[in-house]
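All remarks here apply to the structure that follows.
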C-alpha cells in the first residue's frame, strides 16, 4: 500500500509507520478559508483551491481570468 513504509490496516483504517514521509497522502484536511474537507496534493497544502488561498490572504485571485 505504501512505498515508504510497511503500512497496514487496523480496524479498517490505514496506519503508516511512525515518521513515514508519505503518510500525509492519505489524509484529508479542512480548508482554512471555507472549511470544506479536501484531499491534499502536497504535504503543506492548507487550502482547497487557489481562490480560497487568495481570499484568506486578502489578495486578488486571477484564476477566473485564465479560462
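Every number here is computed from the coordinates shown, using simple stated rules; none is lab data. Keep in mind the model is a prediction, meaning the values are calculated, not measured. Cβ placement follows ideal geometry from the backbone for every residue including glycine, while neighbour counts extend to all protein chains displayed.
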**Q.** Estimated FRET transfer efficiency when R0 is 22 angstrom, pair residue 11-residue 38 (beta carbons, to 0.05)
**A.** 0.35
Q | Highest average packing first - 16-22, 37-43, Cβ atoms within 10 Å | A | 16-22, 37-43
Q: Diagonalise the Cα gyration tensor of the chain and give the resulting equivalent ellipsoid semi-axes, square root of 5 times each eigenvalue, largest first, whole Å.
A: 32, 12, 10
Q.
What distance in nm separates the two pseudo spin-label positions at residue 61 and residue 4, each 7 Å out from Cα along the beta-carbon direction?
A. 2.8
Q. Taking only DSSP H segments of four or more residues, each worth -39500 (n - 2.57), what value at 222 nm results for the chain once the sum is divided by all its residues, to the nearest 500 deg cm²/dmol?
A. -3000 deg cm²/dmol
